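The next block holds one structure in the form of structure tokens; read it before the comments.
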Amino acid sequence: MVDLQSRFRGCLLGGMIGDVVGAVVEAETPEYISKRFATMEALLATDSVEEFATSAWKVGRFTDDTQMSLSVARWLLEDPSRSPSQLLGEFSRSYEPCRRYGPGTEMILKLYRDHPQQWRELATAMFPHGSYGNGGAMRVAPIGLAFRGDLKKVAETAKDSCRVTHSHPLALQGAAMQAMAVAIATSITEVSVGGFVDPVRRMLNEFEDLLQDTSKFTTALDRIEAGLGLRETCLAMSTLLGTGIEAFEAVPMAMYCFLRHPDSFVDAVTAAVFIGGDTDTIASMTGAIAGAFHGCRSIPTAWLQRVQEETYTVDYVGNLADQLFEAFAE
Ligand code: R7I
Ligand code: MG
Ligand code: MG
């Protein structure tokens, strides 16, 4: 039996470590990744990759996925009113260019500095209907932890947190789905496919009631169920579900990686990295779900030792998870 505090730690640390290992090969193809790194051990052993030799980001550091997840955790702890503008302020204050943000989000966070009063308009600064990138979903894990007993609240808070940078309905659907996956993983002792897929379908019905298109996510859920039934590999499913930067690809793919490897944090996150595409994000979301289910002891020490951070160290993230646990354990 995994205790709840270990699940909180597993979720935040699992999300961070997925980001750290996935960021080494973000946007690469699966063929390139498996040719360059025969195993996860080989990937973990690498100190530098040519592509980032001259960039401010270094191997061992995490990216925007973790930076923004930590902001969401602090927002939950420090702002009982859950004000969206406070959250955007927190994202903006913790913005560091080296973390490889998506272009739309980067623009919003920079604009916020000079125009904090206009925070409501900023979400459509780059995309007129709001972004459907996965940047709203990649950061919601702390919300799933905090409100795990109330999936409606999980989905609503995830949508509120997403909207400040990603107001497109597809981004909101992705954020709600990922936060719910974390909440469910935190609350269960045995994994069942229906236990994840059915509540997400009910959440999507509410978008349909508002006449919003949910077909991208409902189709993905059908494929997840069919793929698991046939025991398709994550790599095989990646051609159907997609590994792109869009919320409707990355979020279902992360759920598949977890559900296909429900017995092992290592196997789920390894699969998420070796399918290529948006690897830091898919591995981070997979790691958050798997860590919430298996607890922090499922994350190998050798993986955690890979983290090379000065301020936001493994201890910092573990402490933040402990604070969330103390505030939301009930
Ligand atoms: O979603 P976002 O914050 O990016 C997150 C990604 C993750 O992989 C991170 O690890 C980091 O690397 O970046 O950033 P956005 O710029 O809002 O969205 C990401 C991309 O999705 C955009 O650059 C577009 O390519 C695409 N996209 C859209 N394209 C057309 N029309 C998002 N919304 C639209 C749209 O409305
Ligand atoms: Mg990233
Ligand atoms: Mg990414």
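The values are calculated or read from the model by the stated rules, or taken from the named source; none is laboratory data. Being a predicted model, the structure only gives us computed values, none of them experimental. FYI the Cβ positions are ideal-geometry reconstructions off the backbone, even for glycines, and counts take in every protein chain you see.
Limited to the stretch 246-260, what total is found for residues that are of a type in the set (K, R) and under 13 Å from the mean Cα position of the chain (by Cα)?
Going through the stretch 246-260 one residue at a time, the tally reaches 0.
For the structure I just gave you, tell me whether S69 is at pLDDT below 95 and within 16 Å of ligand 3 (Cβ to nearest atom).
Against the criterion (at pLDDT below 95 and within 16 Å of ligand 3 (Cβ to nearest atom)), S69 does not qualify.
Sort through V317, V273, V251 and tell me the only one that's more than 16 Å from ligand 3 (Cβ to nearest atom) and within 20 Å of A137 (Cα to Cα).
Sole residue among the options that is more than 16 Å from ligand 3 (Cβ to nearest atom) and within 20 Å of A137 (Cα to Cα): V317.
Tally the residues that are under 17 Å from V2 (Cβ atoms) and surrounded by 20 or more Cβ atoms within 10 Å (Cβ to Cβ), restricting the search to the stretch 299-330.
Residues flagged as under 17 Å from V2 (Cβ atoms) and surrounded by 20 or more Cβ atoms within 10 Å (Cβ to Cβ) within the stretch 299-330 amount to 3.
State the number of residues belonging to the stretch 39-71 that are of a type in the set (D, E, K, R) and farther than 12 Å from R99 by Cβ.
4
Name the helices (runs of 4 or more DSSP H) wholly inside the stretch 38-135 in which the number of residues that are within 16 Å of ligand 2 (Cβ to nearest atom) and not hydroxyl-bearing (S, T, Y) is 3 or more.
Numbers: elements: 40-45, 64-78, 84-93, 103-114, 119-122.
Fully inside the stretch 38-135 and qualifying: 64-78, 103-114.
Please find, within the stretch 261-284, the residue that is nearest to the chain's Cα centre (by Cα) out of those that are over 15 Å from G242 (Cα atoms) and within 16 Å of ligand 1 (Cβ to nearest atom).
Checking each candidate, the answer is S284.
Which of the residues that make up the stretch 211-248 are within 16 Å of ligand 3 (Cβ to nearest atom) and out of contact with any Lys or Arg (no Cβ under 7 Å at 6 or more places or on another chain)?
S238, G242, T243, G244, I245, E246, A247
Taking the condition within 30 Å of V2 (Cβ to Cβ), part of a loop (DSSP other than H, G, I, E, B) and touching a Pro at 6+ places or on another chain (Cβ under 7 Å), does V266 pass?
Values: within 30 Å of V2 (Cβ to Cβ): yes; part of a loop (DSSP other than H, G, I, E, B): no; touching a Pro at 6+ places or on another chain (Cβ under 7 Å): yes.
Taking the combined requirement at face value, the residue does not satisfy it.
Looking at the stretch 126-139, I want the residues that are free of Cβ contacts under 8 Å to residues at least 12 places away in the same chain and have a partner that is part of a loop (DSSP other than H, G, I, E, B) and more than 6 Å from ligand 1 (Cβ to nearest atom) with Cβ atoms under 6 Å, at least 6 apart or on another chain. Which pairs are those?
none
Of the conditions (1) among the hydroxyl-bearing types (S, T, Y); (2) in contact with a Gly (Cβ under 8 Å, 6 or more places away or on another chain); (3) closer than 22 Å to V72 by Cα, T157 satisfies every one except a single condition; which number is it?
The number of the failed condition is (2).
Could you identify the single residue in S85, S6, S34 that is in contact (Cβ under 8 Å) with a residue 24 or more places away in the chain, touching a Cys at 6+ places or on another chain (Cβ under 9 Å) and among the hydroxyl-bearing types (S, T, Y)? Before you say what the answer is, go through the steps one by one.
Details: S85 fails: touching a Cys at 6+ places or on another chain (Cβ under 9 Å); S34 fails: touching a Cys at 6+ places or on another chain (Cβ under 9 Å).
None of the other options fit; the residue is S6.
Among the residues of the stretch 129-156, which ones are within 17 Å of L87 (Cα to Cα) and within 15 Å of the chain's Cα centre (by Cα)?
Of everything in the stretch 129-156, those that are within 17 Å of L87 (Cα to Cα) and within 15 Å of the chain's Cα centre (by Cα) turn out to be G135, G136, A137, M138, R139, V140, A141, P142, I143, G144, V154, A155.
Taking T124 and the conditions (1) of a type outside the set (A, V, I, L, M); (2) in contact with a Phe, Trp or Tyr (Cβ under 7 Å, 6 or more places away or on another chain); (3) away from ligand 3 (no atom under 16 Å from the Cβ), which numbered condition does it fall short on, given that it satisfies the others?
Checking T124 against (1) of a type outside the set (A, V, I, L, M); (2) in contact with a Phe, Trp or Tyr (Cβ under 7 Å, 6 or more places away or on another chain); (3) away from ligand 3 (no atom under 16 Å from the Cβ), the one that fails is (2).
Looking for something outside any helix (DSSP H, G or I) and of a type outside the set (G, A, S) - is there at least one such residue anywhere in the stretch 2-15?
yes
On the basis of being within 17 Å of the chain's Cα centre (by Cα), within 8 Å of ligand 1 (Cβ to nearest atom) and farther than 21 Å from R202 by Cβ, does R100 make the cut?
Yes: the conditions hold for R100.
Can you find even one residue in the stretch 247-261 that is of a type in the set (D, E) and in contact with a helix residue (DSSP H, G or I) (Cβ under 6 Å, 6 or more places away or on another chain)?
Of all residues in the stretch 247-261, those of a type in the set (D, E) come to 249.
Imposing the further condition that a residue be in contact with a helix residue (DSSP H, G or I) (Cβ under 6 Å, 6 or more places away or on another chain) reduces the set to none.
No, that holds for no residue.
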